[in-house]
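Report on the following structure.
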Amino acid sequence: GQNFGHFDLSPVASFFQGSKQCEQTLFISDTSVTCRAPSIFSRNGNVYNMSVANSVDNTVNINGSFVVLLDDFRITSVQGSIPTTGSSSVVVHGSSFGSSSASFSARLGNTACETTTWESDSSLTCSTPAGFASIPIISVSVLAVSVNASVNSLRYNSPNVTSTLPSNSPTTGGASFTILGSGFAQFLTAWNVTVDSLATTATAWVSDSTITSVTPTGYNPDASIHLQSGDIGQSFLSMHSFDAPVITNISFGPFGRFVNGTVAAPFSLPANLTITGTNLGSYL
């Protein structure tokens with residue numbers, strides 16, 4: 001510029017109309033000063049308003065807008081495990097996060113972190129909000145500048161089933177039961193439930209730890225349960241049972257008979273065997 005003075009008047013250079021002073025301003029000549037840049041947050045090539053004032057009469061010698069090339073403000077990765085209940089910490093890694101004096105705001109998808117804490121020029125800590133499923137985008141904002149990053153590997157913890165209540169149902173189905181566990185979400189969420197690949201009915205989310213439903217027909221004393229909501233799915237083995245079969249009669253046709261509670265062989269060869277009872281299954 002010009003008219004900075006023919007001797008050192010202790011100039012002060014700053015950005016944003018004086019709101020962000022250079023860490024150090026050195027007088028060089030009447031046409032130049034050197035600014036040690038403060039922490040500024042932007043992508044390369046943003047336009048900044050810069051000014052230079054001398055300390056004698058605070059006269060602004062130059063005030064103009066210039067393109068300033070800065071280190072790239074960006075997100076590189078995110079680390080952490082996120083329970084659906086929230087209030088857990090994940091670390092956001094990146095570059096040019098600047099100094100702790102800046103006010104940061106991070107978001108997981110469309111939801112703001114409960115708090116965002118500056119850790120260093122390359123990391124922030126986000127106290128996670130309550131949520132569910134995968135998080136496609138994380139964003140960080142400071143001084144009205146925002147950057148986004150795709151983090152498809154980041155997701156809330158998968159659901160976990162610990163038990164069912166009651167743990168046993170009739171083979172005919174139609175019995176209400178409760179699925180207990182965690183990670184079912186903190187808000188109303190549509191779940192599809194199957195027991196041994198057969199869909200339950202009237203499934204309802206109750207809380208992060210409770211889902212209610214009505215059993216299908218079944219027969220397995222060691223049945224598995226599968227939960228599915230959107231792209232979140234998980235199977236759990238040996239979580240429910242159906243009533244065990246009860247045999248009330250066995251016959252061999254015209255010559256078959258019981259002897260002392262056991263089956264006696266027919267008097268002629270061979271004969272049809274008929275078993276009758278309950279809980280033998282509602283389908284083939």
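Scanning the range 155-174 for residues that are open to solvent by less than 20 Å² (accessible area, probe 1.4 Å) and of a type outside the set (Phe, Trp, Tyr), which turns out nearest to the chain's Cα centre (by Cα)? Step by step, filter the range 155-174, then rank; the result is Pro159.
Determine whether Ala271 is part of a loop (DSSP other than H, G, I, E, B), at pLDDT below 75 and among the hydrophobic types (A, V, I, L, M, F, W, C).
On the way: part of a loop (DSSP other than H, G, I, E, B): yes; at pLDDT below 75: yes; among the hydrophobic types (A, V, I, L, M, F, W, C): yes.
Spelling it out, Ala271 is indeed part of a loop (DSSP other than H, G, I, E, B), at pLDDT below 75 and among the hydrophobic types (A, V, I, L, M, F, W, C).
Scanning the range 109-132 for residues that are open to solvent by 20 Å² or more (accessible area, probe 1.4 Å) and not in a strand (DSSP E or B) yields Gly109, Asn110, Glu114, Asp121, Ser122, Ala130, Phe132. Being within 30 Å of Ala223 (Cβ to Cβ), assigned to a loop (DSSP other than H, G, I, E, B), open to solvent by 20 Å² or more (accessible area, probe 1.4 Å) and of a type in the set (Asp, Glu) is a condition met by at least one residue of the range 179-199.
Inspect all residues belonging to the range 73-92 and state whether any of them is at negative phi, at pLDDT below 80, surrounded by fewer than 16 Cβ atoms within 10 Å (Cβ to Cβ) and among the charged types (D, E, K, R).
Keep residues of the range 73-92 that are at negative phi, which gives 73-79, 81-85, 88-92.
If we keep only those that are at pLDDT below 80 as well, we get 73, 79, 81.
Of the ones still in play, those that are also surrounded by fewer than 16 Cβ atoms within 10 Å (Cβ to Cβ) are 79, 81.
From the residues that got through so far, the ones that are among the charged types (D, E, K, R) too are none.
No, the conditions are met nowhere in the range 73-92.
When Phe66, Phe27 are checked against the criterion of being modelled with pLDDT of 70 or more and more than 30 Å from Tyr156 (Cβ to Cβ), a single residue qualifies: Phe27. Of the set (1) farther than 14 Å from Gly86 by Cα; (2) of a type outside the set (S, T, N, Q); (3) touching a Gly at 6+ places or on another chain (Cβ under 8 Å), all apply to Ala133 but (1).
Considered as a group, the residues in the range 200-213 that are of a type in the set (Val, Ile, Thr) and over 14 Å from His226 (Cα atoms) include one that is least open to solvent (accessible area, probe 1.4 Å), and that residue is Thr210. Once the range 228-238 is narrowed to residues that are in contact (Cβ under 8 Å) with a residue 40 or more places away in the chain and more than 14 Å from Ile179 (Cβ to Cβ), the residue that is surrounded by the fewest Cβ atoms within 10 Å (Cβ to Cβ) is Asp231.
Would you mind stating whether Ile225 is crowded, with 17+ Cβ neighbours inside 10 Å and on the phi < 0 side of the Ramachandran plot?
It is true that Ile225 is crowded, with 17+ Cβ neighbours inside 10 Å and on the phi < 0 side of the Ramachandran plot.
Scanning the range 133-154 for residues that are in a strand (DSSP E or B) and open to solvent by 20 Å² or more (accessible area, probe 1.4 Å), which turns out farthest from Phe73 (Cα to Cα)?
First, the residues of the range 133-154 that are in a strand (DSSP E or B): 134, 137-142, 145-150.
With open to solvent by 20 Å² or more (accessible area, probe 1.4 Å) added as a condition, the list becomes 134, 137, 141, 145-146, 148, 150.
Numbers: Ser134: 25, Ile137: 16, Ser141: 10, Val145: 9, Ser146: 9, Asn148: 10, Ser150: 15 Å.
In this case the residue turns out to be Ser134.
The values are calculated or read from the model by the stated rules, or taken from the named source; none is laboratory data. Values in this document were obtained by computation on a predicted structure and should not be read as measured data. No Cβ is skipped: glycine too gets one built from the backbone with ideal geometry, and neighbour counts run over all protein chains shown. The protein model used for the area step is the full one, side chains on, heavy atoms only, and it has no ligands, DNA or RNA in it. Shrake-Rupley method; radii C 1.70, N 1.55, O 1.52, S 1.80 Å.
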